[in-house]
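Below is one structure, written out as structure tokens, with a few remarks after it.
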Amino acid sequence: MRAIVNRAATVFALGAIAAAPVAAQNPAQIGATCDPTANTRGDIAKAQFSMSRAIAGADKGTSTRDVQEVLRLVENGTDNPNARNFLRGEAYIIYLMQPNTPPVVPRSALGLTTNPTATVDLYVAADSAFTLVEKASPECALIITQWRQQKPWLNALNGAINALNAGKLDSAEMLAKRSLILDRHAPYAYSVLGSVAQNRKDWAAANEYWKQTLAAAGTDTTYADVRTKTMYELASAASDKADAASGAAKRAAAREAIKPWQDYIAVATNDLLLADAVDNVARMYVAAGDSVSVPTVYAPMLANPSKYGELSLVHAGVVATRSGHHADAIKLFDAALAQNPYSRDAINNLAATYIQNNESQKAFPLINRLVALDPSNPDNPLLYAFAYQGMYKGTKDKKLQKIYTDSLVYFNTRSENATVKLGVNEFSRRPDETLLGGTVENRDKASKTYTLTVEFLDKAGNVVSTETTTVGPVAPKSSGTFKIRSAKGGVYGYRYKPLT
């Protein structure tokens, strides 16, 4: 007997990060207590005037001359070093915002005439200037953080994220480390570096970077998403390490992976990822030789099922089934169906669990529901065969045994001789659309084109929308694919007309 659940691949991709407009970084404009350039005179006052023009043109790409003037004016002189360093830092950031500016330039490109061929790493130079101001004037930390997180930092960070998502690990690493030159307090770059190390299977480095991610994120609600993402990745990497080991090393690695998964489950809000976490921590208990503790994985779900989503409840039910706790599995699948009466995974698994638990008579209404929703899937009649097999084993009445045997053979033959099979590999439910995708397998002897009509249902069973598509022609013993989109959201399930 089978326990069935559709398991989706889990992929994390960091989204783009945004920064405030550079004009908002003027201390006076945001009412900050820090203003290193207040009450300045001489060259510094002139430099501040040029900086105002440079800020005004920063997003237009017209600030190069003003930045050069700022750097020339603050280049010499020892008076008011705090103002000079602050203006230098601002100038380097704005220069980096000009079109096609490389991170390293000759001094001459900055308008500096002394030692003109020497090069300046603009990221390092900006960091050095701002660090001096931060040390001299701690009250300036906020405004300097805002300057550090301007477009140069943003471009490097988003470049790292895009490179990571494209599988360009070397570029992702280089750009993430460049962004860290300007700002070492935000968690994003550490997260990228952790993922780079994970892709290289450097588990020690990955874990270290992810620990730095969590330390940087702290309890700031701004970073809640990256914090939970990182907790998932730490746990996932621990499972990967256990999966790659064998013998005593595997058991030890599995034991180490349990705690990270427990930590993630405690804060998880994404139903799909929580479902995956339930699967993984149960696997780790088994791999660690501690199968007796598997029920602790889903115990909170049994105690308060309404707190959890449909997917995590179904996966918890499968975990309970696999560990032999059928009564627990039945409660969890029932709870999933209370949330979504049209969950095929819940209906399918609940029917299978009743059969495994020698309660085959309770499976028939569920199989009926399944066949009504999914009429061209020959796996469903096979459930009837299993159920009749269970009924056969539960009686010594010869007449009943004959009836059950005939029924078993009938449904097994019906499954084996089905001329078409529809399989679903995507059912995406979103607030504003619903996607259904899968395959139609032609098991017949002649080529066929199929008309697939799907009704999308709300929780009460009302039809939200009806969509039709054709699949084929599909050659004999071959499969065709389909993808149906409905512009309606609020969908809980679907049913379709039998394929002929």
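The values are calculated or read from the model by the stated rules, or taken from the named source; none is laboratory data. This one's a predicted model, so the numbers in the text were calculated from it and none came from an experiment. All Cβ positions, even for glycine, are placed from backbone atoms using ideal geometry, and neighbour counts span all protein chains on display. What goes into the accessible areas is simple: the full protein's heavy atoms, side chains included, and nothing from ligands, DNA or RNA. Shrake-Rupley method; radii C 1.70, N 1.55, O 1.52, S 1.80 Å.
Can you give me the ranges of the helices (runs of 4 or more DSSP H) entirely in the stretch 328-398 with at least 3 residues that are among the aromatic types (Phe, Trp, Tyr) and either touching an Asp or Glu at 6+ places or on another chain (Cβ under 6 Å) or more than 21 Å from TYR496 (Cα to Cα) (or both)?
Details: elements: 344-356, 363-373, 379-393.
Output list reads 379-393.
Would you point out which residue out of ALA387, ALA346 is more than 38 Å from the chain's Cα centre (by Cα) and crowded, with 23+ Cβ neighbours inside 10 Å? If you could, list the steps in order and put the result at the bottom.
Values: ALA346 fails: more than 38 Å from the chain's Cα centre (by Cα).
Testing whether each residue is more than 38 Å from the chain's Cα centre (by Cα) and crowded, with 23+ Cβ neighbours inside 10 Å leaves just ALA387.
Does ARG429 satisfy being basic (Lys, Arg) and out of contact with any Lys or Arg (no Cβ under 7 Å at 6 or more places or on another chain)?
yes
Working only within the stretch 88-107, note down all residues that are open to solvent by less than 60 Å² (accessible area, probe 1.4 Å) and outside any loop (DSSP other than H, G, I, E, B).
Within the stretch 88-107, ARG88, GLY89, GLU90, ALA91, TYR92, ILE93, ILE94, TYR95, LEU96, VAL105, PRO106, ARG107 meet the criteria.
Name the pairs whose Cβ atoms lie under 6 Å apart, with the first residue in the stretch 361-373 and modelled with pLDDT of 95 or more, the second not in a helix (DSSP H, G or I), and 6 or more positions between them or separate chains?
The qualifying pairs are LEU373/ARG495.
Output yes when any residue across the stretch 145-153 is within 19 Å of LYS229 (Cβ to Cβ) and modelled with pLDDT under 95, and no when none is.
Let us first name the residues in the stretch 145-153 that are within 19 Å of LYS229 (Cβ to Cβ), namely none.
Looking for residues that are within 19 Å of LYS229 (Cβ to Cβ) and modelled with pLDDT under 95, one finds none in the stretch 145-153, hence no.
Go through the stretch 433-500 and tell me which strands (runs of 3 or more DSSP E), entirely inside it, have 1 or more residues that are open to solvent by 70 Å² or more (accessible area, probe 1.4 Å). Can you show your working first?
Numbers: elements: 434-442, 448-457, 463-474, 478-486, 493-496.
Ranges flagged: 448-457, 463-474, 478-486, 493-496.
For the stretch 64-71, does any single residue satisfy the condition of being part of a helix (DSSP H, G or I), at pLDDT 95 or above and under 41 Å from the mean Cα position of the chain (by Cα)?
no
What's the number of the only condition in (1) modelled with pLDDT under 75; (2) aromatic (Phe, Trp, Tyr); (3) more than 28 Å from TYR223 (Cα to Cα) that PHE49 fails to meet?
(1)
So, in the stretch 298-322, how many residues would count as being open to solvent by 40 Å² or more (accessible area, probe 1.4 Å) and either closer than 14 Å to LEU274 by Cβ or not basic (Lys, Arg) (or both)? First the steps, then the outcome.
From the stretch 298-322, those open to solvent by 40 Å² or more (accessible area, probe 1.4 Å) are 299-300, 302-307, 311, 322; that's our starting set.
Now narrow it down to the ones that are either closer than 14 Å to LEU274 by Cβ or not basic (Lys, Arg) (or both): 299-300, 302-307, 311.
Of the residues in that region, 9 qualify.
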